[in-house]
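The structure appears below as structure tokens.
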Amino acid sequence: MAKINPFKPNSPVPPGMFAGRIEEIESLEKGLNQTKHGNSSNFLITGERGIGKSSLIGYIKPTAQGLIKSSDYDKFNFVVVNTVISNKSTLISFIKLLERNLKREIEKIGKAEKVRAFFEDTWSFVQRLKIMDSGIDKAQVNEELDLIIDDFSYSLAETCKRIINPENGESAKDGIMIIVDEADNACPDLHIGYFFKVVTELLQQNGCENVMFIVAGLPDVVEKLVASHESSMRIFSQLVVKELNPDDRRYVVNRGLEVGNEQNEEQTTITANARNMISTLSEGYPHFIQQFSYSAFEANTDGEISEDDVGNGAFKNGGALDAIGTRYYQSLYNEQIKSDEYREVLEIMAENMNSWIKKSDIREKFSGNDHTVSDALKALTARKIILKNPSKLGEYRLQHKGFALWIKLFGRRKNATS
Ligand SMILES: Nc1ncnc2c1ncn2[C@@H]1O[C@H](COP(=O)(O)OP(=O)(O)O)[C@@H](O)[C@H]1O
Ligand SMILES: [Mg+2]
């Protein structure tokens, strides 16, 4: 019988397989405790793609709901609303989404009928929201937006007060946690920074201090927030999610195998060297740990994952690096870098993996002229595909070893077939 592969390269990790992030979780739990006691705190979680933002959210959500006990505090009892922003979200569609999700969660509390009636009444303004006519002028749009945000804040404040001070037969809640993931997708029309800034102020004015916002996104979400409202960053504590340390990486591998061994009759072990190899290859990126582990698990046939299994799983066609490349690098390489000459520069740089290389060395190996090398380096740096050495003039490097390896192994092939 085929074994069930326990590793999860394509979805946020379930809380039972979650590794590390102890400081981040402590901060978030402290924020929950503050919010519960009338001193609302908001968080901005940033980090690169695949670093584990959604997984962290997937851990803090059940903690806020009281399904996971926090280490320092009594069980929390928040109502949690979990939303994702897309590049099509408008302020109106976003508010409708929040209202709908909040309604679903609220209906789970106490005597449904009474709560439902309260909710319908409090949120009736949402029914009247219409997509704004593109014919109306900008001043009018802004005025409309302010009115909508005002309605939203008032309704949210009233709802929060109602569930904290419940009527007979309902259980009291600690407050409301609103999660907004993939906030880097926000387009300017969403006015995301303005929205959070004004809503948090209005909640306070309406006497509500028990709402916590958790906003997550790629690092450029910061620029988007600031572009929309200069001081919007001030309402957030920022958590920057980084690579996992080697101990946590090994924990991910061990924990995954444990979960697999609970599900499968046929047991799987791993040698210490193989585990270290996964840790090193991953460079600490949780997504890569899951993918290299997944592929090693697939490659293994004798019950013990060895370095050979990790290597085979990692480097063969359709293996881990190939899969990672398809997800992370291919568009970077084929769509964002239109010129074959720029790709040649990257290929030359990849020979050095991700260590610094002098511009003059690149120039020597490059088939075209000097001017093109300069242009390429400038453009690739601007797009954050390569890094410029801040302490040594004329030195550049690729950001990640994984990208370098992938260029060496698959860059040409993808290029030729696309
Ligand atoms: N703390 C963690 N422990 C174990 N695996 C993790 C952890 N964080 C993320 N992962 C894994 O890494 C991958 C990317 O995680 P995800 O949370 O989706 O990242 P992001 O939202 O930052 O893009 C997923 O495969 C997930 O299973
Ligand atoms: Mg995510």
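The values are calculated or read from the model by the stated rules, or taken from the named source; none is laboratory data. All values derive from a computational prediction rather than experimental measurement. Glycine also receives a Cβ, built like all others from the backbone with ideal geometry; neighbour counts cover every protein chain displayed. Note: accessible area is taken over every heavy atom of the protein model, side chains too, but ligands, DNA and RNA are not part of it. Shrake-Rupley method; radii C 1.70, N 1.55, O 1.52, S 1.80 Å.
Above 16 Å lies some portion of the pair distances; for the range 246-316, what is it as a whole percent of all C-alpha pairs?
For the range 246-316, the share of Cα pairs beyond 16 Å comes to 37 percent.
Karplus-derived 3J(HN,Hα) values for the range 97-108, using 6.51 cos²θ - 1.76 cosθ + 1.60 with θ = phi - 60°, are 5, 4, 4, 5, 5, 5, 4, 4, 6, 5, 5, 7 Hz; glycine and proline are entered as x.
Ranking PRO219, GLN330, ALA320 by Cα position along the charge dipole of the chain, where only Lys, Arg, Asp and Glu carry charges on their C-beta atoms, puts GLN330 farthest toward the positive end. Think of each Lys and Arg Cβ as +1 and each Asp and Glu Cβ as -1; about the Cα centre, that makes the dipole of the range 246-316 roughly 300 debye. For the range 323-417, the spread of Cα positions along the three principal axes, ordered from largest to smallest, is 35, 26, 21 Å. Annotation: amide H of ASP181 within the under-5 Å range of THR83, VAL84, ILE85, ALA216, sequence separation 5 or more or interchain, hydrogens built in the peptide plane. For the chain, pairs of C-alpha atoms spaced more than 41 angstrom apart make up 29 percent of the total.
Distance check, please: which entries in LYS8/LYS36; LYS61/LYS88; LYS53/LYS197; LYS3/LYS108 exceed 28 angstrom between their Cα atoms? As for pairs spanning more than 28 Å Cα to Cα, those are LYS8/LYS36; LYS3/LYS108. Placing +1 on the Cβ of every Lys and Arg and -1 on the Cβ of every Asp and Glu, with no other charges, gives the range 1-80 a dipole of roughly 340 debye about its Cα centre. For the range 315-349 versus the range 53-71, the inter-centroid distance based on Cα atoms is 35 Å.
On the principal axes of its alpha carbon atoms, the range 1-56 extends 55, 23, 15 Å, with the longest extent given first. Across the range 21-33, coupling constants 3J(HN,Hα) worked out from phi with the 6.51/-1.76/1.60 Karplus curve, θ = phi - 60°, read 6, 5, 5, 4, 5, 4, 4, 5, 5, 4, x, 4, 5 Hz, and Gly and Pro carry x. Which residue, chosen from ILE289, ALA299, VAL345, occupies the Cα position most advanced towards the positive end of the dipole of the range 285-345, where the dipole is computed from +1 (Lys, Arg) and -1 (Asp, Glu) charges on Cβ about the Cα centre? It is VAL345. Please list the non-local residues whose amide H lies under 5 Å from the amide H of GLY175, H modeled 1.01 Å from N, same-chain partners needing a gap of 5 or more. Sorted by chain and number, the residues that satisfy this are VAL79. Among beta bridges identified by DSSP and lying wholly in the chain, the antiparallel ones come to about 20 percent. With the cut-off at 30 Å, tell me which of the pairs LYS316/LYS338; LYS69/LYS384; LYS224/LYS365 have Cα atoms farther apart than that. Beyond 30 Å between Cα atoms: LYS69/LYS384; LYS224/LYS365. Placing unit charges on the Cβ atoms of the charged side chains and taking the dipole of the chain about its Cα centre, the candidate lying farthest along the positive direction among ASN5, SER40, GLY175 is ASN5.
Evaluating 6.51 cos²θ - 1.76 cosθ + 1.60 at θ = phi - 60° for every residue in the range 178-188, the Karplus couplings come out as 10, 9, 10, 8, 6, 5, 5, 6, 4, 8, x Hz, glycine and proline recorded as x. Scoring 261-268, 40-47 by mean Cβ neighbours within 10 Å over their residues and listing the highest first yields 40-47, 261-268. Here the dipole of the chain is about 440 debye; that uses its Cα centre as origin and unit charges on the Cβ of Lys and Arg (positive) and Asp and Glu (negative).
In the context of the full set of protein chains, the chain has a per residue accessible area of 49 Å² (1.4 Å probe).
The amide H of ASN352, built 1.01 Å from its N in the peptide plane, has no neighbour under 5 Å, considering only residues 5 or more places off or on other chains.
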